[in-house]
Amino acid sequence: MRIAISPGRSRPDPRKKRAGIYLGAGLALAAALAVAGGLYLKRASMPLVLAVDPAIGDPGTTIRIAGRNFGDERGDSRVEFDDAAPTASSYLSWSDGLIEVRVPHYAESALVRVRTRAGASNARMFMSKALLPYRAEGSTAGAVAPVIESLSADSGSVGSVLVIRGLNFGANKDDSELLFAWNGSTAFGSAQEASVSSFVVPDPSTGEYLSWSDKEIKVCVPDGAVSGSLFVRTARGTSDGRYFQVSSGVGTKSYTGSRTYSISSFVTISRVKSAGANALFIWMPFPTLSATQHGVKSLGRSVDPLVPDYKGLSVY
C-alpha cells in the first residue's frame, strides 16, 4: 500500500482580502473626493449674478450688477452684453459683490454676464425700453403705417442728433427711410405731397442713422436738409409730416451738372393657358424719387394703366 501525500493548495486569508478591498475602495473614494472637492472649489469661486438693477432702461444709462465672486478689483475681468464687453471707461466701480457699469449703446436688449479668470457667470436680461410693447391709444390705435408721435427737438442744425419716437417704424431699417425737406419753399403736410416732393435722406454708409427700432429712430440731420415736414417711409406706407426747423447759417447743398436719361420698360407674356374668367395684374415701377433724382415723369405708354401711380408703381 502506498500513501501519496501532496501539499494542499493554500487558501488566501479572507481578512487580508477584505483589507485589500477596503484599501482599493478607500483610494477610489479619496480620488472621487479630490475631484469633487476640486469641482466644488472651482464652482464656489465662479462669479454669480444675483440681480441687474434696473433690468429695464435705455442704452447709455448706468446699471448695478449685484452678486458675488467678482473680485475686489476688475483686473482683466469684464462685464459682457451678449458676449461683447463695453469699453474700459464704461466701468464706474467694481467690488466683489457689486459692479456699476454704463450700458453700451449697442446693447438695446442683451444677456448680461460677468466673466473672471474662474469663468463666466449665469446670465441676467437687460431690456431696452424702446423695445417694450405698449397699447396704442387714440388716433394711433390700429394704425399700420408709421406714426410719428414726438421729436426730441423741434429744431436743430445739420449734423445734430434727432430722436423720432412713434409706432410702426419696423424692428429693422431695411429699405425704410427718414425723409427731410430739401426745398424749403413749402412745408408739405401730407404723405401724398411727400411722395412727389424733393427730399434728402440720411446716408447709411456714413453712419447718419444711429439706431432704428419699431418705436424710436435716432439719426443725424443730413447735409442739405432745410426746414419743413419730416416723414418716415416704410413698406407699410408713409407717416404724416412733423415739422422740423433746420437752423440757419449752416450752408446749402447744390446739385449741378444735371443729366437727363430715359428708361424703357416692357413685359412680354407668352404661352398662356387659362380656363374660365381670370385676370393678370402687372405692377411696373417708376425710378426712385430723391434729391439727386427728381423730375421723373412718364413720356408715353402703349397701354393706359388701371392705376397710373400708386406709391411709385403703375398697375396694368
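Descriptive notes on the structure:
- Residues located in the range 304-315, provided they are part of a loop (DSSP other than H, G, I, E, B) and in contact with a strand residue (DSSP E or B) (Cβ under 7 Å, 6 or more places away or on another chain): PRO305, LEU306, GLY312
- Taking the range 65-75 as the range and being among the charged types (D, E, K, R) and either crowded, with 19+ Cβ neighbours inside 10 Å or modelled with pLDDT of 95 or more (or both) as the test, no residue passes.
- Here the range 99-118 is the region considered, the condition is being in a strand (DSSP E or B) and open to solvent by 20 Å² or more (accessible area, probe 1.4 Å), and the residue that is nearest to ASN172 (Cα to Cα) is SER109.
- Where GLY71 falls short, out of the listed (1) without any contact (Cβ under 8 Å) to a residue 60 or more places away in the chain; (2) within 20 Å of LYS129 (Cα to Cα); (3) in contact with a Ser or Thr (Cβ under 8 Å, 6 or more places away or on another chain); (4) outside any strand (DSSP E or B): (2)
- Subset of the range 207-245 (residues that are open to solvent by less than 30 Å² (accessible area, probe 1.4 Å), assigned to a strand (DSSP E or B) and of a type in the set (Val, Ile, Thr)): ILE217, VAL219, VAL232, THR234
- Answer residue from the range 143-157, given it is in a loop (DSSP other than H, G, I, E, B) and open to solvent by 50 Å² or more (accessible area, probe 1.4 Å) and is modelled with the lowest pLDDT among those: VAL144
- Selection within the range 266-287: residues that are surrounded by 10 or more Cβ atoms within 10 Å (Cβ to Cβ) and of a type outside the set (A, V, I, L, M, F, W, C). The member of this set that is farthest from SER314 (Cα to Cα) is PRO287.
- Among the residues of the range 286-303, some residue qualifies, meaning at least one is out of contact with any Cys (no Cβ under 8 Å at 6 or more places or on another chain), without any contact (Cβ under 8 Å) to a residue 60 or more places away in the chain and outside any loop (DSSP other than H, G, I, E, B).
- Residues of the range 167-199 satisfying the condition of being assigned to a strand (DSSP E or B), surrounded by fewer than 21 Cβ atoms within 10 Å (Cβ to Cβ) and at pLDDT below 90: LEU167
- Residue within the range 246-262 that is modelled with pLDDT of 85 or more and outside any loop (DSSP other than H, G, I, E, B) present: yes
- ASP82 satisfies every condition listed in (1) open to solvent by less than 40 Å² (accessible area, probe 1.4 Å); (2) at pLDDT below 90 except (1).
The values are calculated or read from the model by the stated rules, or taken from the named source; none is laboratory data. Values in this document were obtained by computation on a predicted structure and should not be read as measured data. Reconstructed Cβ throughout: ideal geometry from the backbone, glycine too, with neighbour counts over all protein chains shown. With ligands, DNA and RNA removed, areas are computed over all heavy atoms of the protein, side chains included. Shrake-Rupley method; radii C 1.70, N 1.55, O 1.52, S 1.80 Å.
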